[in-house]
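In what follows, a single structure is set out as structure tokens and then discussed.
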Amino acid sequence: MSVGRIKNLVIAALIMINLFLLLFFVWGRAGEISARREVIEDICVIMGNNGIVLEPSSIGGAGGLASRGTSRDAAAEDAAAAAVLGNCEKTESGSISRYLGARGSASFNGRGEFVFEIYPGDAAAESAEAHARGLIKDMGLRTGAPDIKRSDGVTSVSAVCTFEGAPVFNCPVRFEYEDGSLIRVSGRRAYAARDAAGESISGAADALLSFLAYVKGEGAPCGEITQVEAGYQFNVSAAGDGELSPGWRVDTDQGEFFVYSSGAVERVGAAY
């Protein structure tokens with residue numbers, strides 16, 4: 001048999017093996033999807049039997065999230081301040097860092113919270129959304145899609161910070177504009193620095209069962225769950241060391257809740 005024919009047979013064999021592996025993978029994934037669909041449908045029935053409306057389409061995917069440690073990043077704060085204020089001077093007092101520049105002032109604390117006060121007219125913007133998107137990038141932030149609200153001459157552009165594509169629910173950022181000019185920036189951010197020895201995210205069904213136990217145990221009213229989304233909650237000390245904890249945000253007709261992988265449930269909101 002010629003060398004060329006042997007090579008062709010080897011290539012054909014490799015192609016067949018790869019096709020077999022691909023079909024095996026697709027079959028396995030189809031089985032996983034089917035099993036997950038059944039679990040989700042079952043948990044919706046359980047919720048319905050307990051007087052809580054929940055549609056399968058309201059439950060998102062997990063994405064394999066795991067806890068991450070965080071540490072304060074002074075260099076990142078300096079860069080964010082320069083992006084908004086331009087050249088500025090920095091002073092520190094305890095865990096508070098303050099910046100003063102020609103356009104205004106800013107402060108950051110160890111819990112990741114920050115506030116910028118901009119002098120009126122010093123940061124003109126023809127489009128609030130475009131201007132805010134540019135500042136988000138320049139400040140080194142990663143966020144989800146911004147939300148725009150207009151009220152009494154003030155335009156607010158708000159977004160939620162993300163880590164590796166997943167929302168960090170209690171790390172919002174907001175840009176406020178008045179008369180075509182930026183007047184205030186506020187928010188919170190987390191600096192993921194290391195892996196933590198915590199748990200990976202639980203399944204949506206497990207989280208919802210924990211939430212149901214919480215509702216029953218606390219006597220908390222709940223008639224409908226409108227969205228179940230995987231993401232992180234940022235928990236941090238005043239010194240700046242903390243953790244991004246994976247879990248599920250459960251939006252209901254009675255407010256928002258976060259279910260940790262441990263099964264603990266807490267009521268949450270936009271405040272930080």
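Some points to look at:
- For the range 67-102, the set of residues classified as touching a Phe, Trp or Tyr at 6+ places or on another chain (Cβ under 8 Å) and either in contact (Cβ under 8 Å) with a residue 40 or more places away in the chain or over 24 Å from residue 119 (Cα atoms) (or both) consists of 68, 70, 71, 72, 73, 76, 80, 84, listed by residue number.
Yes/no per residue for (1) modelled with pLDDT of 95 or more; (2) assigned to a strand (DSSP E or B):
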position: 133; (1), (2): yes, no
position: 136; (1), (2): yes, no
position: 141; (1), (2): yes, no
position: 150; (1), (2): no, yes
position: 157; (1), (2): yes, yes
position: 160; (1), (2): yes, yes
position: 168; (1), (2): yes, yes
position: 173; (1), (2): yes, yes
position: 176; (1), (2): yes, yes
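- Filter result for residue 183 (crowded, with 19+ Cβ neighbours inside 10 Å and part of a helix (DSSP H, G or I)): no
- Number of positions in the range 228-262 that are under 19 Å from residue 202 (Cβ atoms) and either open to solvent by 30 Å² or more (accessible area, probe 1.4 Å) or assigned to a strand (DSSP E or B) (or both): 24
- Residues of the range 203-227 satisfying the condition of being under 19 Å from the mean Cα position of the chain (by Cα) and surrounded by fewer than 22 Cβ atoms within 10 Å (Cβ to Cβ): 203, 226, 227
- Test set (1) part of a strand (DSSP E or B); (2) farther than 30 Å from residue 216 by Cβ - residue 67 fails condition number: (2)
- Near pairs, Cβ below 7 angstrom, 6+ apart or cross-chain, from the range 163-186 (within 16 Å of residue 147 (Cβ to Cβ)) to any residue that is basic (Lys, Arg) and in a loop (DSSP other than H, G, I, E, B): 171/189
- All positions within the range 233-259 that are among the hydroxyl-bearing types (Ser, Thr, Tyr) and modelled with pLDDT of 95 or more: 252
- Filtered residues of the range 107-131 (kept if of a type outside the set (Gly, Ala, Ser), part of a loop (DSSP other than H, G, I, E, B) and within 15 Å of residue 184 (Cβ to Cβ)): 119, 120, 122
- Any hit, the range 129-142, residues being in contact with a Lys or Arg (Cβ under 6 Å, 6 or more places away or on another chain) and free of Cβ contacts under 8 Å to residues at least 60 places away in the same chain: no
For every residue, the table says whether it meets (1) loosely packed, with under 14 Cβ neighbours inside 10 Å; (2) aliphatic (A, V, I, L, M); (3) under 22 Å from the mean Cα position of the chain (by Cα).
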position	(1), (2), (3)
105	no, no, no
113	no, no, yes
130	yes, yes, yes
143	no, no, yes
152	yes, no, no
163	no, no, yes
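- Residue satisfying condition, being small (Gly, Ala, Ser), on the phi > 0 side of the Ramachandran plot and modelled with pLDDT under 95, within set 121, 101, 110: 121
- Close pairs from the range 202-219: first part of a loop (DSSP other than H, G, I, E, B), partner at pLDDT below 90, Cβ under 8 Å, at least 6 apart: 203/39; 203/62
The values are calculated or read from the model by the stated rules, or taken from the named source; none is laboratory data. Given the structure is predicted, the values throughout are model-derived calculations rather than measurements. Because the Cβ atoms are built from the backbone with ideal geometry, glycine has one as well, and the counts that use them run over all protein chains shown. Just the protein is used for accessible areas: all its heavy atoms, side chains included, with ligands, DNA and RNA removed. Shrake-Rupley method; radii C 1.70, N 1.55, O 1.52, S 1.80 Å.
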